[in-house]
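Working notes for the structure below.
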Amino acid sequence: MATYYTEDHEWVSVDGDKGKVGITAYAAEQLGDVVFVETPDVGKTVKKGDDMAVVESVKAASDVYAPVSGDVVEANGALADAPETVNESPEGDGWFCVIKLADAGELDGLMDAAAYAEFCKGL
């Protein structure tokens, strides 16, 4: 399983033709205490870069963008009752959805963990 990162602080952990998507620890830290999460509906088709979910914190509301194109095959319904999971485990239990990849070639435009860490140093 490989994990890729976007400049908008989303991650996608790819296993076969599916990718689990969430926001990074950096993004969760910047948001502050998350109070509401709206995950995408199962069956929704997303394009890379489209807004696909919403996360609200005590500071702001932010869109979460699709790091890859494809169909949403699973949503993390647990976040509706426990949005704080995004803060507690942003790259674990705080995932937003699973996308069936339409084009694995899109992963080439994303960063690996080392490149993402370097990117964050410059912010």
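The values are calculated or read from the model by the stated rules, or taken from the named source; none is laboratory data. Remember, predicted model here, so these are calculated numbers, not experimental data. Glycine also receives a Cβ, built like all others from the backbone with ideal geometry; neighbour counts cover every protein chain displayed.
Tell me, please, whether a residue that is modelled with pLDDT under 95 and of a type in the set (A, V, I, L, M) can be found in the stretch 7-15. Break it down into steps so the answer makes sense when it comes.
We begin by selecting, within the stretch 7-15, every residue modelled with pLDDT under 95; these are none.
So far as the stretch 7-15 goes, no, none of its residues is modelled with pLDDT under 95 and of a type in the set (A, V, I, L, M).
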When the stretch 66-87 is checked residue by residue, the ones that are surrounded by fewer than 19 Cβ atoms within 10 Å (Cβ to Cβ) and outside any helix (DSSP H, G or I) are 69, 71, 73, 74, 77, 82, 84
For the stretch 93-105, pairs from a residue that is under 16 Å from residue 45 (Cβ atoms) and free of Cβ contacts under 8 Å to residues at least 60 places away in the same chain to a residue that is among the aliphatic types (A, V, I, L, M) and assigned to a loop (DSSP other than H, G, I, E, B), with Cβ under 9 Å and 6 or more apart or across chains, are 102/68; 103/68
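Within the stretch 12-45, which residues are more than 20 Å from residue 61 (Cβ to Cβ) and among the hydrophobic types (A, V, I, L, M, F, W, C)?
If we filter the stretch 12-45 for residues that are more than 20 Å from residue 61 (Cβ to Cβ), which is where we start, we get 12-20, 42-43, 45.
Within the stretch 12-45, 12, 14, 42 qualify.
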In the stretch 39-50, is there at least one residue being under 19 Å from residue 112 (Cα atoms) and of a type in the set (Val, Ile, Thr)? no
Filtering the stretch 19-38 for residues that are out of contact with any Ser or Thr (no Cβ under 9 Å at 6 or more places or on another chain) and at positive phi leaves a count of 0
Practice prompt. Return a yes/no flag: does the stretch 13-34 have any residue that is surrounded by 16 or more Cβ atoms within 10 Å (Cβ to Cβ) and aromatic (Phe, Trp, Tyr).
Written response: yes
